[in-house]
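Only one structure is covered here, and it is reproduced in the block below.
The values are calculated or read from the model by the stated rules, or taken from the named source; none is laboratory data. As the structure is a computational prediction, the values presented were derived from the model and not from experiment. Counting neighbours? That spans all protein chains shown, and the Cβs are built from the backbone with ideal geometry, glycine included.
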Amino acid sequence: MAVPKYDELMKPLLCAVADGAVYKIKDVAATLAQRFKLSSDDLSEMLPSGRQTVFKNRVGWAKTYLKKAGLLDSPARATIVITMLTTQ
């Protein structure tokens, strides 16, 4: 299977952190890799710059857009937590 696009990772990322606990982004990325049954070749595919894997980059963009939408927060470096949105 090919590495999912960042927008295909958004909902699974939210589901992975839905319990409200603080997670390390690398642990969530590992969970997503298992969920999508990515092979070691998929996980080792590098960006053209050669500085980062495609999968790590796409997880990072998914996290960034969810954070900008107010659905995730980052209480410390390399950690994420789902925001508790309530209606009044």
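Screening the range 33-71 for residues that are within 16 Å of residue 5 (Cα to Cα), basic (Lys, Arg) and surrounded by 13 or more Cβ atoms within 10 Å (Cβ to Cβ) and picking the one that is farthest from the chain's Cα centre (by Cα) gives 35. For the range 73-88, taking the residues that are closer than 18 Å to residue 30 by Cα and touching a residue at least 40 places away in the same chain (Cβ under 8 Å), the one that is surrounded by the fewest Cβ atoms within 10 Å (Cβ to Cβ) is identified as 78. The residue that is modelled with the lowest pLDDT, counting only those in the range 15-45 that are of a type in the set (D, E, K, R) and over 10 Å from residue 55 (Cα atoms), is 19.
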